[in-house]
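A short worksheet on the structure shown next.
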């Protein structure tokens, strides 16, 4: 998996990786969802006040991205899946997806523990194999944010055991998402706004 130059995101300063031609599939087969994603990620910012606020529940960063996507019809979705073999039916539970629209699943991993990447990739793999999704997208922190977090005195909160792009890429390369095409967008200091 190599870093990709996808102009819609690279020119905005995101760190971009893709697996199995995810951006080509999105551009050609899902142009409306691709336009949604490009517009939302151009508008998306991470505010200092959202980084320094106390924990508990969904972060302000996640709420912000969710609301921008929800305005374009991307909604949290839980799939009811099962496998039938002859007359035997086996439940095949999946985890809900943060944002979903027309066969595209998107997860934001901002301050979770890094095993959440395994959960997301396994979910993408299963939903792809069951033909429920065509592409998975993960938005997470780029490692270039570390100096900002250290400067704000919140490094302990976002330390090395949480979701960072350098923890995600080896999991994808190791087959964590199976055959599911995956687009990764790393949030960098280009999206950071030093507000009050």
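The values are calculated or read from the model by the stated rules, or taken from the named source; none is laboratory data. All figures in this text were calculated on a predicted structure; none of them were measured in a lab. Note: ideal-geometry Cβ built from the backbone for every residue, glycine included; neighbour counts use all protein chains shown.
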Next item on the list: Within region 159-196, count every residue that is in a loop (DSSP other than H, G, I, E, B), at pLDDT 95 or above and surrounded by fewer than 22 Cβ atoms within 10 Å (Cβ to Cβ).
Entry: 7
Note to self: Given (1) outside any loop (DSSP other than H, G, I, E, B); (2) touching a strand residue (DSSP E or B) at 6+ places or on another chain (Cβ under 7 Å); (3) at pLDDT 95 or above, identify the lone condition not met by residue 89.
What the structure shows: (3)
Check: What helices (runs of 4 or more DSSP H) lie completely within region 8-52 and have 1 or more residues being at pLDDT 95 or above and crowded, with 17+ Cβ neighbours inside 10 Å?
Finding: 22-29, 31-43
Notebook entry, point to check: What pairs come up if the first residue lies in region 68-81 and is under 16 Å from residue 139 (Cα atoms), the second is in a loop (DSSP other than H, G, I, E, B), and their beta carbons are under 8 Å apart, counting only those six or more places apart or on different chains?
Noted result: 68/44; 76/96
Next item on the list: Determine whether residue 84 is at pLDDT below 95 and not in a loop (DSSP other than H, G, I, E, B).
Entry: yes
Item checked: Set 101, 63: member being over 20 Å from residue 163 (Cβ atoms) and touching a helix residue (DSSP H, G or I) at 6+ places or on another chain (Cβ under 9 Å) -> 101
Note to self: For region 121-143: of the residues being free of Cβ contacts under 8 Å to residues at least 60 places away in the same chain and in a loop (DSSP other than H, G, I, E, B), which is nearest to residue 49 (Cα to Cα)?
What the structure shows: 133
Next item on the list: For region 92-103, enumerate the residues that are part of a loop (DSSP other than H, G, I, E, B), surrounded by 15 or more Cβ atoms within 10 Å (Cβ to Cβ) and modelled with pLDDT of 90 or more.
Entry: 103
Note to self: If I filter region 144-152 for residues that are part of a strand (DSSP E or B), touching a helix residue (DSSP H, G or I) at 6+ places or on another chain (Cβ under 7 Å) and closer than 21 Å to residue 59 by Cβ, do I get at least one hit?
What the structure shows: no
Next item on the list: Go through region 111-131 and count every residue that is within 19 Å of residue 25 (Cα to Cα), at pLDDT 95 or above and either in contact with a helix residue (DSSP H, G or I) (Cβ under 9 Å, 6 or more places away or on another chain) or exposed (fewer than 14 other Cβ atoms within 10 Å of the Cβ) (or both).
Entry: 1
